[in-house]
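The values are calculated or read from the model by the stated rules, or taken from the named source; none is laboratory data. Only a predicted model underlies this, so the values are computations on that prediction, with no experimental measurement involved. Cβ placement follows ideal geometry from the backbone for every residue including glycine, while neighbour counts extend to all protein chains displayed. These accessible areas exclude ligands, DNA and RNA; they are computed on the full protein's heavy atoms, side chains included. Shrake-Rupley method; radii C 1.70, N 1.55, O 1.52, S 1.80 Å.
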Amino acid sequence: MPIDALEELTLALRHFAAERDWEQFHTPKNLAMALMIEAAEVAEHFQWTGAGDTAALSDEKRQAVALEIGDTFLYLLRLADRLGIDIAAAARTKMDINAARYPVEKAFGRAVKYTEL
């Protein structure tokens, strides 16, 4: 059976952490905190910009944002792995829940919480 990209990345992260004896630090709490910090670093690139400015990033800025997104994704994947959560399955389940909460006929073009539809 071929290994998928998420599984390959998960295994690479495990190996990376094990090589450095970092598993002791990769507790769910620490990983969740690191994830939040990295997500804030993504947002920092857009702080104080206008709505139109965020879509037209310079190549340098786009690369910096890409690296922060990479950090965020790696921490999220590592957290899921440490908790034994299949991240792709969790995402699919959440998409199904959101599809039920936000039916097209009620949510189309509206930016409100499902409880307000």
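Listed here are the helices (runs of 4 or more DSSP H) enclosed by the chain that have at least 3 residues being open to solvent by less than 70 Å² (accessible area, probe 1.4 Å) and of a type in the set (A, V, I, L, M, F, W, C): 5-19, 28-44, 59-83, 87-101.
Would you pick out the residues in the stretch 23-72 that are within 19 Å of Thr10 (Cβ to Cβ) and over 19 Å from the mean Cα position of the chain (by Cα)? Walk me through it before giving the result.
Of all residues in the stretch 23-72, those within 19 Å of Thr10 (Cβ to Cβ) come to 23-28, 30-32, 34-35, 38, 69-72.
Within the stretch 23-72, Glu23, Gln24, Phe25 qualify.
Any idea which of Leu79, Leu67 is out of contact with any strand residue (DSSP E or B) (no Cβ under 7 Å at 6 or more places or on another chain), in contact (Cβ under 8 Å) with a residue 12 or more places away in the chain and aliphatic (A, V, I, L, M)?
On the way: Leu67 fails: in contact (Cβ under 8 Å) with a residue 12 or more places away in the chain.
Going through Leu79, Leu67 in turn, just one is out of contact with any strand residue (DSSP E or B) (no Cβ under 7 Å at 6 or more places or on another chain), in contact (Cβ under 8 Å) with a residue 12 or more places away in the chain and aliphatic (A, V, I, L, M): Leu79.
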